[in-house]
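Rule-based calculations on the coordinates, nothing more; no lab input. All figures in this text were calculated on a predicted structure; none of them were measured in a lab. Every residue, glycine among them, receives a Cβ derived from its backbone with ideal geometry; neighbour counts consider all protein chains shown.
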């Protein structure tokens with residue numbers, strides 16, 4: 001996948017809608033251990049005050065976030081690098097050779113620094129300009145599992161901030177006041 005023209009603006013305090021997809025749309029977030037790697041990494045970034053999360057959903061093949069941070073581009077790049085390494089380590093430690101082979105086949109030829117490719121190139125950040133756009137993106141994120149017919153109601157999806165907006169705590173601290 002070619003890099004997109006979407007970019008983070010430098011020193012921009014506004015939140016961004018971010019999509020990050022596993023290579024070849026592999027359903028690796030079906031594994032609770034891999035979803036937990038994502039959650040733990042986001043939790044760390046929150047604890048260190050490196051990002052603020054307004055909404056999230058971890059689907060089987062991708063994730064969506066609405067987040068802000070002082071250097072969001074750098075933090076998301078580090079997040080992707082760390083979660084990729086941790087996930088590949090998990091697959092190695094648990095003898096998941098089939099998955100590792102798929103991740104190896106998806107490695108882009110210009111990537112000489114790695115054996116596997118976990119994430120597709122690019123995160124497609126979209127700057128959120130106003131409250132109307134924020135509402136639209138949060139609704140989109142929370143209804144993603146409903147559109148895929150995984151659940152009937154957004155708050156029923158385990159790996160989502162939809163519960164936070166319904167008054168139920170999720171795995172991560174969510175800033176619901178914008």
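Relative to the longest principal Cα axis of the chain, at what angle does helix 32-47 sit, 0 to 90 degrees, rounded to 10?
50
If the elastic network links every pair of Cα atoms under 10 Å, which of 43, 80, 147 fluctuates the most in the Gaussian network model of the chain?
Of the options given, 147 has the highest mean-square fluctuation.
Helix 72-93 versus the longest principal axis of the chain: what angle, 0 to 90°, nearest 10, using Cα atoms?
Roughly 40 degrees, rounded to the nearest 10.
Can you give the calculated 222 nm mean residue ellipticity of the chain, where each DSSP H run of n ≥ 4 adds -39,500 (n - 2.57) and the sum is split over every residue, rounded to the nearest 500 deg cm²/dmol? Kindly include the intermediate steps, with their values, before the conclusion.
On the way: 5 runs with 68 residues, N = 178.
The helix-only estimate for the chain comes to -12000 deg cm²/dmol at 222 nm.
Using only the Cα atoms of segment 7-55, build the gyration tensor, take square roots of its eigenvalues as a ≥ b ≥ c, and label the shape rounded, prolate or oblate: rounded if a/c is under 1.5, else prolate if a/b is larger than b/c, else oblate. The partial results should precede the final answer.
Values: a/c = 3.10, a/b = 1.47, b/c = 2.11.
Taking the square roots of the gyration eigenvalues as a ≥ b ≥ c, segment 7-55 is oblate.
Quick one: order 119, 178 by neighbouring beta-carbon count within 10 Å, fewest to most. Write out the running numbers ahead of the final one.
Details: 119 19, 178 14.
In increasing order of surrounding Cβ atoms, one gets 178, 119.
On a 0 to 90 degree scale, rounded to 10, what angle separates helix 131-147 from the longest Cα axis of the chain?
For 131-147 against the chain, the angle is about 50 degrees.
Take the Cβ-Cβ distance between residue 44 and residue 169 as r, set R0 to 30 Å, and report the resulting FRET efficiency rounded to the nearest 0.05. Before the final figure, lay out each step's value.
Values: r = 18 Å, r/R0 = 0.61.
Computed FRET efficiency for residue 44 and residue 169 comes out at 0.95.
What distance in nm separates the two pseudo spin-label positions at residue 146 and residue 97, each 7 Å out from Cα along the beta-carbon direction?
With each label point 7 Å from Cα toward Cβ, the separation is 4.5 nm.
Select from 99, 37, 18 the residue whose mean-square fluctuation is largest in a Gaussian network model of the chain (Cα-Cα springs shorter than 10 Å).
99
Who wins for biggest fluctuation among 104, 20, 160 in a Gaussian network model of the chain, springs between alpha carbons below 10 Å?
Largest GNM mean-square fluctuation: 104.
Taking the Cα centre of each part, how many Å lie between segment 26-77 and segment 96-171?
8
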